[in-house]
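Worksheet: one structure, shown below.
None of the figures in this text is laboratory data; all of them are computed from the coordinates on show. On a predicted model such as this, the values are computed, not experimentally measured, just so you know. Cβ atoms come from the backbone with ideal geometry, glycine included; neighbour counts cover every protein chain shown.
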Amino acid sequence: MSPDPSDPTAACMDRPAESGPDAGAPHPACRALHERLARSEARLEALMRLSSDWFWELDASLRFVRCTGGGPGADDLGRLLLGRAPWELPATTPLSGEWDDLHSVLEAAQPFADFVCVTRALGGSAERRISFSGEPLPAPRGGHGGGPAGGHAGWHGLVRDVSQAHRAQERLRQLAHRDRLTGLLNRGATETALQQLLEDAAHDGFRVHVLYLDLDGFKAVNDRLGHAAGDRVLQESANRLRSVLRDEDLLGRFGGDEFVAVLSGRDAAGGDLAARVCMRLRDAMVPPIVVDGEACQLGASIGVAHFPDDAAEIGELLQRADAAMYTAKRARRAAPAGAADRSTGLA
């Protein structure tokens, strides 16, 4: 068999020393080359152990035979991987939900990147996300694969713990969709969810109710006690409003002291759902909110618009609910002291 030209030591194996006491032994140049390669491999192994990533290898039967690196977590990952095929890993599932995608790539001997799995088998029961990338190892010259890897000796690649990156992405996603003060949906996220609900309602034939709510008396509180106290009043108000809605209802903050609730009539019981919820929302704001020893008395003016009765398009629906809210607010201000609360407007 001719030497493998990809192996820098192969030619040396056929070059024994030609004379002297070492005649017949490997040539001194070859010994030096082997020593340099050994030192280089040792340095590489040491660097891999210091890496925050792990280096892994699969054999031709697609079982993990090596796991190096990863810092203090390497032993845990080694115990998880070694001797198993990827789809045999305990308490571990692909983020996509299917191992078939990875299996197909391995069968086809195609490089792959960022195959993410969720595991609870590393360092206790906490959920971790690990991302695999790899490429096939060519079979030795003149050899052939001995398993599913076909004409390849196996696979090697890197695996990275991406749990922290995932949590950071989730925080960014939350910031993009949530009001930072109250934790409610922001305006953009509320409108997106409302648009989807309207499309479902148009297809399935149920009503949607949009309630536009403004806090009465908030500006006076904010002016008298300051913005920090005003923020706490808004937070408590958001908690109260959320507490009287159903799990499937939406509640978003549109800015300042304005909130929008969206009610689906898909599974609503008989009677006027919107009227019942308006009453609960107003009642929730009756008890004073105490901030820094100050009792802040607020109220709620609510305007209501219905899909498809009042409008079929999201912009017009919100405009009608907003206009109805201002009608309710004017009626509340014009009402004599002690009169019944009529601070609900209909589009």
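Applying 1/(1 + (r/R0)^6) with R0 = 25 Å to the Cβ-Cβ distance of residue 231 and residue 286, what FRET efficiency is obtained, to the nearest 0.05?
With a Förster radius of 25 Å, E is 0.70.
Under a point spin-label approximation (7 Å from Cα along Cα-to-Cβ), what is the residue 193-residue 312 distance to one decimal in nm?
It is 2.6 nm.
Find the Cα radius of gyration of region 145-227, compare it with 2.2 N^0.38 Å by division, and give the number to two decimals.
After normalising by residue count via 2.2 N^0.38 Å, the value is 2.13.
Could you run the Karplus curve 6.51 cos²θ - 1.76 cosθ + 1.60 with θ = phi - 60° over region 283-292 and give me ³J(HN,Hα) per residue in whole Hz, x for Gly and Pro?
Result, ordered by residue: 4, 5, 9, 6, x, x, 9, 9, 10, 6 Hz.
With θ taken as phi - 60° and the coefficients 6.51, -1.76 and 1.60, list the Karplus ³J(HN,Hα) couplings across region 236-249 in order, rounded to whole Hz; mark glycine and proline as x.
5, 4, 4, 5, 5, 5, 4, 5, 9, 9, 6, 4, 7, 6
Can you report the principal axis dimensions of region 212-305 using only the alpha carbons, biggest first, rounded to whole angstrom?
Answer, in whole Å and largest first: 43, 23, 21 Å.
Can you give me the long-range amide H partners of residue 298? Hydrogens built in the peptide plane at 1.01 Å from N, cutoff under 5 Å, separation of 5 or more residues or another chain.
Those qualifying (amide H under 5 Å, at least 5 residues apart or on another chain) are 289.
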